[in-house]
1. What number of residues in the stretch 98-155 are within 30 Å of T88 (Cα to Cα) and in contact with a Leu (Cβ under 8 Å, 6 or more places away or on another chain)?
2. Residues of the stretch 68-108 being charged (D, E, K, R) and either modelled with pLDDT under 75 or within 30 Å of Y131 (Cα to Cα) (or both), which ones?
3. Give the stretch 142-178 a look and list any residue that's surrounded by 10 or more Cβ atoms within 10 Å (Cβ to Cβ) and under 30 Å from P109 (Cα atoms), or say none.
4. Go through the stretch 148-172 residue by residue and tally those that are under 25 Å from S137 (Cβ atoms) and in contact with a helix residue (DSSP H, G or I) (Cβ under 6 Å, 6 or more places away or on another chain).
5. Output the number of residues of the stretch 1-21 satisfying the condition of being modelled with pLDDT under 80, outside any loop (DSSP other than H, G, I, E, B) and surrounded by 10 or more Cβ atoms within 10 Å (Cβ to Cβ).
6. Does A139 satisfy the condition of being aliphatic (A, V, I, L, M) and surrounded by 12 or more Cβ atoms within 10 Å (Cβ to Cβ)?
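The values are calculated or read from the model by the stated rules, or taken from the named source; none is laboratory data. What you see is a predicted model, and the numbers here were worked out from it, not measured in a lab. When we count neighbours, we look across all protein chains shown, and the Cβ atoms used for this are built from the backbone with ideal geometry, even at glycine.
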Amino acid sequence: MATPNFLDQAGLGYLWAKITDAISTSASATEKKIPSKVSQLENDAKYITLADVPDGVAASTTVPKVDSGSGDVGTETAFARGDHVHPTDTTRLATNGDASSVTVTFTAPNKRETIVSGESFNTIAGKILKYMNDFGSCAFKSMILKEDLAPSVKTSLEKADTALQSYTETDPTVPAWAKTPTKPTYTAAEVGALSIDDANNNFAKKSDITSIYRPKGTKPTYDDLPTTGNEVGDVWNVASDDMNYAWTVDGTWDPLGSKIEISSISNDMIDQIVAGTSA
């Protein structure tokens, strides 16, 4: 595997000079190929020019007609001016959404029907009117009063007012502890649950997890690392190789990472890359 290199400020400036030089050379060659006259272009789309307009053809002097739903090919032989404007069709909704002057005639159907997307406005308005007509007086109240209820509902509410409001259990089959307001308590062992002590002894706590690695300090060399009195997770930094070592369950020091060195890319290497000859 090739040794990695980084691109520093000097190398970047050298590379940018190579790029701008290549662009300048390419632009000069392209400018010689860019046409400067319409006659130098190929009319592959068959656009007409002034020479293609028949003699005697002139611009129309009539006001354009209002657009119709079905359209019409027309009979005039004059061509339309580029800035012509059609009259506004006042029977349609304005393009700005203003419907203040639009009116609609509609009637309610005999029965309630679902509104379907794509239906005309007068059909939709008629269906809405049917729903509004069928609404009772309660539909437009913010609160339902007792007098608004059906007689049978009123009777049920009056019975509820005199119904049982409290109850004392007298069934002899119900145990006494179930009748008391305060229910008995049980230990974890009585209900087969795990005790606090068992949980602490068998499961890791948050404090245990957050202290897996314990930095201890710095030693000059690897040989200076302690061989006794260590605990799993102890971490020492070794100054000679700038490496961190952690004490493992196997009783050994394990390096936590490795160090690599990279150097800046040279101008010769950039030339090889630009020329496409780099290894």
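1. The number of residues fulfilling the criteria is 4.
2. D89, R92, D98
3. Hits for the stretch 142-178 are D148, L149.
4. Of the residues in the stretch 148-172, 1 are under 25 Å from S137 (Cβ atoms) and in contact with a helix residue (DSSP H, G or I) (Cβ under 6 Å, 6 or more places away or on another chain).
5. Summing the residues that are modelled with pLDDT under 80, outside any loop (DSSP other than H, G, I, E, B) and surrounded by 10 or more Cβ atoms within 10 Å (Cβ to Cβ) in the stretch 1-21 gives 1.
6. For A139, the condition - aliphatic (A, V, I, L, M) and surrounded by 12 or more Cβ atoms within 10 Å (Cβ to Cβ) - is not met.
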